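Visitor: First the structure, which I've put down as structure tokens, then a few questions once you've had a look.
Nothing in this text is a laboratory measurement; each read-out follows from the coordinates by a stated rule. For clarity, every value in this text was computed on a predicted model and none was experimentally measured. Note: ideal-geometry Cβ built from the backbone for every residue, glycine included; neighbour counts use all protein chains shown.
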Amino acid sequence: MVLDQYEYKVERQTTPTNMCWCCVSKEKSKCKARIVTFHNHVVIKRSDHNHEPTFKGECPMESRKVHISYGKPRKTRTKRSNSHESDVEDIE
């Protein structure tokens with residue numbers, strides 16, 4: 001994955017739709033940058049790269065529209081149409 005000219009590789013996959021990514025310079029530069037993806041959401045856990053951007057040139061893959069947030073995913077609230085109760089859905 002390429003985000004803001006930095007390349008990431010899959011560090012682990014927690015579920016079929018959730019993945020933890022680390023910077024490709026994790027071993028070489030001890031970079032701590034991390035992101036988590038689930039469905040079409042990207043959560044930037046750490047964005048502090050300690051090196052120059054790793055991606056040079058154009059990306060041969062098509063880009064996708066995603067929702068980007070920083071830190072822990074927030075809980076969303078949805079109201080039922082026939083009730084005054086709220087459901088809390090954890091999007092993590």
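Visitor: How long is the gain from Asn50 to Ser29 if the chain were fully straight, where each residue apart is worth 0.36 nm and the alpha carbon distance is subtracted?
Guide: Taking Asn50 through Ser29 to full extension adds about 6.8 nm, to one decimal.
Visitor: Which order, highest average first, do 21-34, 40-53 follow once you tally other Cβ atoms within 10 Å for each residue and take the mean per peptide?
Guide: 21-34, 40-53
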